[in-house]
Amino acid sequence: MTATLHTPADAPAEVVDDEPTTAARPASRALRLVLLALLTLLGAVLVLVVAVPRVLGLVPLTILSGSMEPTLPVGSQVFVDPVESAEQAREEVTVGSIITVMPRPDDPTLVTHRVVAIEQDVSGRPVWTTKGDANGGVDDWEVTQTQLRGVVRYHVPWVGYVASSMSQTDKNTVVRWSAGALFVYAAYQLLAAWRGRHRGGRHAA
């Protein structure tokens, strides 16, 4: 009777799987997606709150009352395009526009309401009637060119709470850290993709 001996070369090679476990892979992928969503949201907010206003010269203001709800919730930050001439006012301030005004010359309080009617004074200059969306009646003042400060271009909900509590230095710090976080995440994604290709090529060999 002849016995067959298996040499080490005949023994099956042990394969070590260095891939993440099946259970770990979906969790890791979900975590990356959540992180990506958060960073994308943060980046979009920073663009709207910091970059766009700087480029377009918009003035940020925080909504402190509910007179324009639900259009402009309390705590929103509106971005106002200053109106600097009568011609610009005629072209850009129409019925339905949301404008920021200083109703009374002896009170620096600004009000952001919607234009509901336009008339002309004896000199032919426009006079705007405004109203808060949540108010029952029109405002008890008429807006002239002197009182008009600008037209609201867009708003970002709830950001005003944070912006009002931060100095300009704090805002600049947040921008730098956020930009750094986005850069680190992009580098991590590139590294993960490179490692995936490298691992795939090693298994194929």
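Miscellaneous remarks
- Flag for Arg54 being more than 22 Å from the chain's Cα centre (by Cα) and open to solvent by 60 Å² or more (accessible area, probe 1.4 Å): no
- Among strands (runs of 3 or more DSSP E) entirely within segment 106-166, having at least 2 residues that are free of Cβ contacts under 8 Å to residues at least 24 places away in the same chain and open to solvent by 60 Å² or more (accessible area, probe 1.4 Å) singles out 111-120.
- Considering residues of segment 94-105 that are of a type in the set (A, V, I, L, M, F, W, C) and in contact (Cβ under 8 Å) with a residue 40 or more places away in the chain only, the residue most open to solvent (accessible area, probe 1.4 Å): Met102
- If the condition is being at pLDDT 95 or above and acidic (Asp, Glu), then segment 65-91 contributes Glu69, Asp81.
The values are calculated or read from the model by the stated rules, or taken from the named source; none is laboratory data. As the structure is a computational prediction, the values presented were derived from the model and not from experiment. With ideal geometry, Cβ positions are generated from the backbone for all residues, glycine too; neighbour counts draw on all protein chains shown. Note: areas computed on protein heavy atoms with side chains; ligands, DNA, RNA excluded. Shrake-Rupley method; radii C 1.70, N 1.55, O 1.52, S 1.80 Å.
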